[in-house]
Amino acid sequence: MENIALHMLDIVQNSIEANASRIYIEIEKDTTKQKLCITISDNGRGMNKEEIAKVLDPFYTSRTTRKVGMGLSLLKQQVDQTGGCLQIISEQNKGTSTKFCFNLSHIDCPPMGNFEDSISTFITVNPDIELILKVSCATKTFLFESKKFLEIFEGLPLTQSELRKYLYDFLSENMSWIYLTECTI
Amino acid sequence: MTKVKTLDDLVRLRDELRQKLEIREKGDRSEQLIQVKVAMATCGIASGAKQVMDYFIEELPKRNISAVVTQTGCMGYCYAEPTVEITLPGKEPVVFGHVNKDKADEIIEKYLKAGELVDGIIPQTFKKPS
């Protein structure tokens, strides 16, 4: 993956595959430790113990379309090479929570990418999935609920392009500090 | 452009838009819309599916094509990512492989506008029209 935001988008796809109707994304940046942690929790079908044990094996997948499952194993490799961590907690029929952390100051850390771009695209093409986003860094916190956003525009014949633009602008306006070293503007 | 930072700003923006958009046709016509599904599993995202999906989202309204863009998981054609499944109203879905912005442009101009098939169709998915 080119950047961390695309990894996030990839893990969110797992939640869609698990039939989640609600996804919670938390992006936390620790400026002192130069650490970025992302947690993605869903209310999808979850995994049993056997599935959890195999989930990081690239030759295991729950899909029937192919025999490899690279998403989590690639992510694990990337967080490991920065000295970061990956944690997966899952309960069958309840949901899954995946937390991964990157050491931003490590030379092998991929760029952060563009979170608001990935999230606005995701909401635009998956309006039926409720997404809750929390972004925090130092004293700043931004909380966003896709449901509230979409309710405001409900009934308006907006194109997907327009909706995506409004989403992107709104998110950028509120969370652009996450890219700054000290999160201060 | 005025900043849109709070939900109240969004409500104001919505009210402004409502006036501008009154002339647009409303209603659910999803069965008449072209369906564009972009495969967004690991293989797709790593190959540039996100950019392809954004391209379809941006370009289709510009070219006055009524379509809905959605994402899907891996269709099993990882070797040909990014892959895009397109369903024209009343027709069988067709999956195109190795789609970049140039190919997406060709698909829009030829397949979506004129129903003309273009190179890059994944053969296993293709059902000959009866």
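Tabulated data for the structure shown
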quantity	calculated
Under Karplus coefficients 6.51, -1.76 and 1.60, residue-wise ³J(HN,Hα) of region A:75-81 in Hz, glycine/proline x	4, 4, 4, 5, 5, 4, 6
Cys with no candidate disulfide partner in chain A (beta-carbon separation under 4.7 Å rule)	A:CYS85, A:CYS109
Nearest-20 debye value, chain A charge dipole, Cβ charges on Lys, Arg, Asp, Glu	460 debye
Distance in nm between pseudo-label sites at B:GLU58 and A:LYS165 (7 Å out along the Cβ direction from Cα)	1.1 nm
5 angstrom amide H check on A:THR31, placed H, neighbours 5+ away	A:ALA138
Efficiency of FRET from Cβ geometry, A:SER21 and A:LYS99, R₀ 22 Å, rounded to 0.05	0.60
Under 14 Å, Cβ to Cβ, from B:GLN51 - net charge with Lys/Arg +1 and Asp/Glu -1	-4
DSSP bridge orientation in the protein assembly as shown - percent antiparallel, rounded to nearest 5	70 percent
Net charge contributed by nearby residues that have their C-beta within less than 13 Å of A:PRO110 (K/R +1, D/E -1)	-4
Region A:90-110 and region B:70-130: distance between their alpha carbon centers, rounded to Å	33 Å
Summed residue charge, Cβ within 9 Å of A:LYS134's Cβ, Lys/Arg positive, Asp/Glu negative	-2
For chain A, calculated [θ]222 nm from helices alone, where every DSSP H run of n ≥ 4 adds -39500 (n - 2.57)	-10500 deg cm²/dmol
Listed residue pairs exceeding 25 Å between alpha carbons, taken from B:LYS62/B:LYS110; A:LYS49/A:LYS147; A:LYS35/A:LYS134; B:LYS50/B:LYS113; A:LYS147/B:LYS3; A:LYS29/B:LYS5	A:LYS49/A:LYS147
Volume of the Cα convex hull of region A:4-179, divided per residue and given in Å³	123 Å³
Amide proton proximity set for A:GLY95, modelled H, under 5 Å, gap of 5+	A:GLY46, A:MET47
Residue-by-residue Karplus 3J(HN,Hα) for region A:109-117, coefficients 6.51, -1.76, 1.60, Hz, glycine and proline x	6, x, x, 5, x, 10, 5, 5, 5
Antiparallel content of DSSP bridges confined to region B:30-125, in %, to 5	55 percent
Unmatched cysteines, chain B - criterion: no other Cβ of a Cys under 4.7 angstrom	B:CYS74
Scaled radius of gyration (Cα, divided by 2.2 N^0.38 Å) that the protein assembly as shown gives	1.03
Dipole of the protein assembly as shown, positive direction: furthest Cα of A:GLN78, A:ASN103, A:ILE52, with charges on the beta-carbon	A:ILE52
Hits among lysines - C-alpha to C-alpha of A:LYS54 under 24 Å, sequence gap 8 or more where chains match	A:LYS67, A:LYS76, A:LYS94, A:LYS99
Degrees between helix B:49-62 axis and first principal axis of chain B (Cα, 0 to 90, nearest 10)	60 degrees
Sites A:ASN48 and A:ASN3 - FRET efficiency at Förster radius 30 Å, r taken between beta-carbons, to 0.05	0.40
Within region B:30-125: Cβ-based charge dipole about Cα centre, in debye rounded to nearest 20 (Lys, Arg +1; Asp, Glu -1)	120 debye
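No value in this document is a laboratory result; all are computed from the given coordinates. Everything numeric in this text was worked out from a predicted model, so none of it was measured. Cβ atoms come from the backbone with ideal geometry, glycine included; neighbour counts cover every protein chain shown.
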